[in-house]
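Chemist: Supplied in structure tokens, the structure appears directly below.
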Amino acid sequence: MPKDSVKPHFSKSHFLGKSLVLQERRNGSLNIPGKTHVPFGPIRAAVKRRKELPFDNVIQRDKKLKLVLKIRKILVDQPDRIMSLKDLGRFRKDLGLKKKRRFIALLRKFPAVFQIVEEGVFSLKVKLTPEAERLYLEELRVKNEMEDLLVVKLRKLLMMSLEKRILLEKIAHVRTDLGLPLEFRDTICHRYPQYFKVVATARGPALELTHWDPELAVSAAELNEEENRTRELEEKNLIIDRPLKFNRVKLPKGLNLTKGEMRKICQFRDIPYISPYSDFSALRSGTIEKEKHGCAIVHEMLSLTLEKRTLVDHLTHFREEFRFSQQLRGMLIRHPDMFYVSLKGDRDSVFLREAYRNSQLIDRDRLMIIKEKLHSLVAE
């Protein structure tokens with residue numbers, strides 16, 4: 001499998017259920033999975049949110065980097081990637097800076113990233129340092145090489161949606177999280193008509209699926225469980241042909257729950273897994289089965305992101321496409337074995353718990369390695 005595959009390489013997964021529902025039938029030109037009917041039951045689980053520093057530290061660590069990246073974006077849009085401090089000062093509001101703060105003092109806090117150039121007695125300009133410039137060009141090259149992977153991510157996102165169509169402005173909310181280029185609407189979205197196409201809707205342009213691929217309709221949770229099961233069988237030197245079964249695993253280290261909360265989580269795990277790629281039009285809002293499917297969708301969406309996390313607000317933009325509950329944040333908090341909701345920063349973030357060990361991402365692709373190098377420059 002290629003290095004930048006969407007296949008996850010997490011540690012032991014905290015699975016979404018005891019068994020997998022993988023039945024499909026042909027339905028229309030896309031061959032999407034057929035509708036399934038499941039019994040309904042009310043949602044009663046309630047888990048109190050608890051603060052966990054390892055995850056909160058990830059948000060805290062990114063604060064300075066976010067500011068640096070905003071300034072870098074302004075610089076790289078300029079001819080020769082250089083501009084005067086006076087011109088840069090016009091972006092104070094966009095950068096969220098106070099008027100009294102001196103720009104030159106801010107830039108000098110990051111000497112390994114920004115270089116102040118004197119041109120004449122009263123003219124100061126700023127540009128990237130050679131190392132920061134090199135990292136930026138490397139990032140562009142890697143993103144270009146990863147286009148095939150980005151296409152797969154878009155296809156999977158569309159395949160999970162109810163109508164197999166998502167507004168481009170909604171995809172733009174998770175553009176950075178997925179690793180899509182800034183101009184994705186005008187480039188990638190038009191290059192692969194065999195997979196998807198841009199269509200006009202009453203609410204604006206949308207990306208619509210043109211080909212359903214059953215090989216892509218397998219979630220990260222399913223791949224992870226299959227991999228774990230294969231490894232366990234190899235260790236035992238056994239060959240057993242039976243359906244995949246999500247066995248109970250120990251709750252994550254550091255997750256402090258009451259006995260009642262643990263019982264609710266275990267009961268939820270025992271409900272059969274509902275694939276995020278299945279037809280969910282028959283699932284009723286407010287049922288435990290709908291929540292099971294909602295968790296599977298969020299799990300898969302986070303698995304597609306570079307850092308296995310996103311803003312909770314970003315997920316809420318997809319309420320219509322994935323029929324998310326109006327209390328989406330509450331749903332995420334109810335399942336701390338799968339997700340962690342951090343209140344750090346300006347907006348709440350949600351993490352895929354199994355993708356992290358302490359505050360470190362377990363599986364890092366090339367873009368994440370570049371980001372870590374930039375982190376080091378910011379810290380110098």
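The values are calculated or read from the model by the stated rules, or taken from the named source; none is laboratory data. Model, not experiment: these values are computed from the prediction. Ideal geometry is used to build each Cβ from the backbone, glycine not excepted, and the neighbour counts take in all protein chains shown.
Chemist: Any chance the range 171-193 includes a residue that's assigned by TED's automatic domain parsing to the domain that holds Ala282, surrounded by 14 or more Cβ atoms within 10 Å (Cβ to Cβ), of a type in the set (Phe, Trp, Tyr) and farther than 19 Å from Met368 by Cα? Explain how you work it out, then say what you get.
Modeler: Looking only at the range 171-193, we keep the residues that are assigned by TED's automatic domain parsing to the domain that holds Ala282, and these are 171-193.
Still in the list and also surrounded by 14 or more Cβ atoms within 10 Å (Cβ to Cβ): 171-181, 184-185, 188-189, 192.
If we keep only those that are of a type in the set (Phe, Trp, Tyr) as well, we get 184, 192.
From what is left, the residues that are farther than 19 Å from Met368 by Cα are 184, 192.
Within the range 171-193, one or more residues are assigned by TED's automatic domain parsing to the domain that holds Ala282, surrounded by 14 or more Cβ atoms within 10 Å (Cβ to Cβ), of a type in the set (Phe, Trp, Tyr) and farther than 19 Å from Met368 by Cα.
Chemist: Another question, if that's okay. Go through the range 134-144 and count every residue that is in contact (Cβ under 8 Å) with a residue 40 or more places away in the chain and more than 17 Å from the chain's Cα centre (by Cα). Spell out how you get there, then give the answer.
Modeler: As a first pass, look at the range 134-144 and keep what is in contact (Cβ under 8 Å) with a residue 40 or more places away in the chain: 135-136, 138-139, 142-143.
Filter again for more than 17 Å from the chain's Cα centre (by Cα), leaving 135-136, 138-139, 142.
The total comes to 5.
Chemist: For the range 278-313: of the residues being of a type in the set (Ser, Thr, Tyr), buried (at least 18 other Cβ atoms within 10 Å of the Cβ) and in contact with a Leu (Cβ under 8 Å, 6 or more places away or on another chain), which is nearest to Val218 (Cα to Cα)?
Modeler: Residues of the range 278-313 of a type in the set (Ser, Thr, Tyr): 278, 281, 285, 287, 303, 305, 310.
If we keep only those that are buried (at least 18 other Cβ atoms within 10 Å of the Cβ) too, we end up with 278, 303, 305, 310.
Next, from what is left, pick out any that are in contact with a Leu (Cβ under 8 Å, 6 or more places away or on another chain): 303, 305, 310.
On the way: Ser303: 12, Thr305: 16, Thr310: 21 Å.
Among them, the one singled out is Ser303.
Chemist: The conditions are (1) out of contact with any Lys or Arg (no Cβ under 6 Å at 6 or more places or on another chain); (2) under 19 Å from Ala217 (Cα atoms), and Glu372 fails exactly one of them. Which is it?
Modeler: Unmet for Glu372, out of (1) out of contact with any Lys or Arg (no Cβ under 6 Å at 6 or more places or on another chain); (2) under 19 Å from Ala217 (Cα atoms): (2).
Chemist: Return yes when Arg49 is assigned by TED's automatic domain parsing to the domain that holds Arg353, in a loop (DSSP other than H, G, I, E, B), at pLDDT below 90 and under 26 Å from Leu332 (Cβ atoms) and no when it is not.
Modeler: On the way: assigned by TED's automatic domain parsing to the domain that holds Arg353: yes; in a loop (DSSP other than H, G, I, E, B): yes; at pLDDT below 90: yes; under 26 Å from Leu332 (Cβ atoms): yes.
Yes, satisfied.
Chemist: Still on this structure, please answer the following. Considering Arg72, Arg61, which residue is modelled with pLDDT of 95 or more, in a helix (DSSP H, G or I) and within 21 Å of Glu380 (Cα to Cα)? Working first, answer last.
Modeler: Values: Arg61 fails: modelled with pLDDT of 95 or more.
Every option except Arg72 fails the conditions.
To keep it simple, each residue is scored yes or no on (1) crowded, with 18+ Cβ neighbours inside 10 Å; (2) of a type in the set (Lys, Arg); (3) more than 30 Å from Met83 (Cα to Cα); (4) at pLDDT 95 or above.
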site	(1), (2), (3), (4)
Thr129	no, no, no, yes
Leu140	no, no, no, no
Arg155	yes, yes, yes, yes
Lys164	yes, yes, yes, yes
Lys197	no, yes, yes, yes
Pro205	no, no, yes, yes
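Chemist: Does any residue of the range 336-353 turn out to be small (Gly, Ala, Ser) and farther than 25 Å from Met146 by Cβ? Working first, answer last.
Modeler: Narrowing the range 336-353 to residues small (Gly, Ala, Ser): 342, 345, 349.
Among the residues that remain, those that are also farther than 25 Å from Met146 by Cβ are: 342, 345.
The answer is yes, given that some residue of the range 336-353 is small (Gly, Ala, Ser) and farther than 25 Å from Met146 by Cβ.
Chemist: Can I ask one more? Taking the range 214-262 as the region of interest, how many residues are loosely packed, with under 12 Cβ neighbours inside 10 Å, at pLDDT 80 or above and assigned to a loop (DSSP other than H, G, I, E, B)?
Modeler: Residues in the range 214-262 being loosely packed, with under 12 Cβ neighbours inside 10 Å, at pLDDT 80 or above and assigned to a loop (DSSP other than H, G, I, E, B): 2 in total.
Chemist: For residues that are part of a helix (DSSP H, G or I), surrounded by 15 or more Cβ atoms within 10 Å (Cβ to Cβ) and over 17 Å from the mean Cα position of the chain (by Cα), tally how many sit in the range 341-372.
Modeler: Adding up the residues that qualify gives 1.
Chemist: Just to be sure, is Thr316 assigned by TED's automatic domain parsing to the domain that holds Lys51, of a type in the set (Ser, Thr, Tyr) and crowded, with 18+ Cβ neighbours inside 10 Å?
Modeler: Values: assigned by TED's automatic domain parsing to the domain that holds Lys51: yes; of a type in the set (Ser, Thr, Tyr): yes; crowded, with 18+ Cβ neighbours inside 10 Å: no.
No: the conditions fail for Thr316.
Chemist: Do we find a residue being β-branched (Val, Ile, Thr), surrounded by 15 or more Cβ atoms within 10 Å (Cβ to Cβ) and at pLDDT 90 or above anywhere in the range 114-124? Lay out the reasoning, then the answer.
Modeler: Pass one, the range 114-124, residues β-branched (Val, Ile, Thr): 116-117, 121.
Restricting the remaining residues to those that are surrounded by 15 or more Cβ atoms within 10 Å (Cβ to Cβ) gives none.
Within the range 114-124, none of the residues are β-branched (Val, Ile, Thr), surrounded by 15 or more Cβ atoms within 10 Å (Cβ to Cβ) and at pLDDT 90 or above.
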